[in-house]
Amino acid sequence: MRFFVEHIGLAAGDTVALKDWYVRALSAREILTDGKAPPAFLLELSGGLLVEIYPADSFSVETSDNKLGGWRHLALRVDSMESAREDLAKCGVKFEEHIKPAGGGGRVLFFKDPEGNLLHLVERPGDWR
């Protein structure tokens, strides 16, 4: 049996604001909305990954703790760490850490979306995989 990632789910306190941030900062494309109040959205990132943003029932500040058990971050592969960091900074993204070595080779740079969800850029060497 083969499995493919169809989408990831992201519960949000403000679905519209978070959707707008992903569209603006990560160039996501809105695929659909359910039209409810508050609405849920399905977005497509440039690499083809779908992200479902839907209303949250509760929120925890522990969400951004990368060592908390469970799914903890979304890694976005980029060709140029510096270029991606510059583009995101223009969209208001704040980077609280410096670029670090990536497990398996390359470099990573962590950041958060407006609701504290953890993401990171990952730049891999040309011969990686």
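The values are calculated or read from the model by the stated rules, or taken from the named source; none is laboratory data. What you are looking at is a predicted structure, and each value in this text was computed from that prediction instead of being measured. Here the Cβ is made from the backbone with ideal geometry for all residues, glycine too, and neighbour counts use every protein chain on show. Remember, those area values only see protein heavy atoms, side chains included, never the ligands or the DNA or RNA. Shrake-Rupley method; radii C 1.70, N 1.55, O 1.52, S 1.80 Å.
A few comments on the model shown:
- Test: residue 46 is over 23 Å from residue 89 (Cα atoms), open to solvent by 30 Å² or more (accessible area, probe 1.4 Å) and modelled with pLDDT under 95: no
- Scanning the range 63-76 for residues that are under 16 Å from the mean Cα position of the chain (by Cα) and assigned to a loop (DSSP other than H, G, I, E, B) returns 65, 66, 70, 71, 72, 73.
- Boolean, residue 31 is touching a Lys or Arg at 6+ places or on another chain (Cβ under 8 Å) and aliphatic (A, V, I, L, M): no
- A search for C-beta distances below 6 Å between a residue of the range 22-37 that is free of Cβ contacts under 8 Å to residues at least 40 places away in the same chain and any residue that is assigned to a loop (DSSP other than H, G, I, E, B), counting only pairs 6+ apart in sequence or on different chains, returns 27/46; 28/45; 33/39; 34/40.
- Residue, surrounded by the most Cβ atoms within 10 Å (Cβ to Cβ), within the range 61-70, restricted to residues that are touching a residue at least 12 places away in the same chain (Cβ under 8 Å) and closer than 22 Å to residue 49 by Cβ: 64
- Residue 79 meets the conditions (1) open to solvent by less than 80 Å² (accessible area, probe 1.4 Å); (2) more than 18 Å from residue 6 (Cα to Cα); (3) outside any strand (DSSP E or B) in every case but one. The failed one is (1).
- Scan of the range 19-41 for residues that are assigned to a strand (DSSP E or B) and over 17 Å from residue 117 (Cα atoms), ordered by number: 29, 30, 31, 32, 33
- Test: residue in the range 98-108 that is of a type in the set (D, E, K, R), touching a helix residue (DSSP H, G or I) at 6+ places or on another chain (Cβ under 8 Å) and over 25 Å from residue 9 (Cα atoms): yes
- Residue 16 vs. criteria outside any strand (DSSP E or B) and open to solvent by 80 Å² or more (accessible area, probe 1.4 Å): no
- If you go through the range 82-129 and pick out every residue that is assigned to a strand (DSSP E or B) and open to solvent by less than 30 Å² (accessible area, probe 1.4 Å), you end up with 8.
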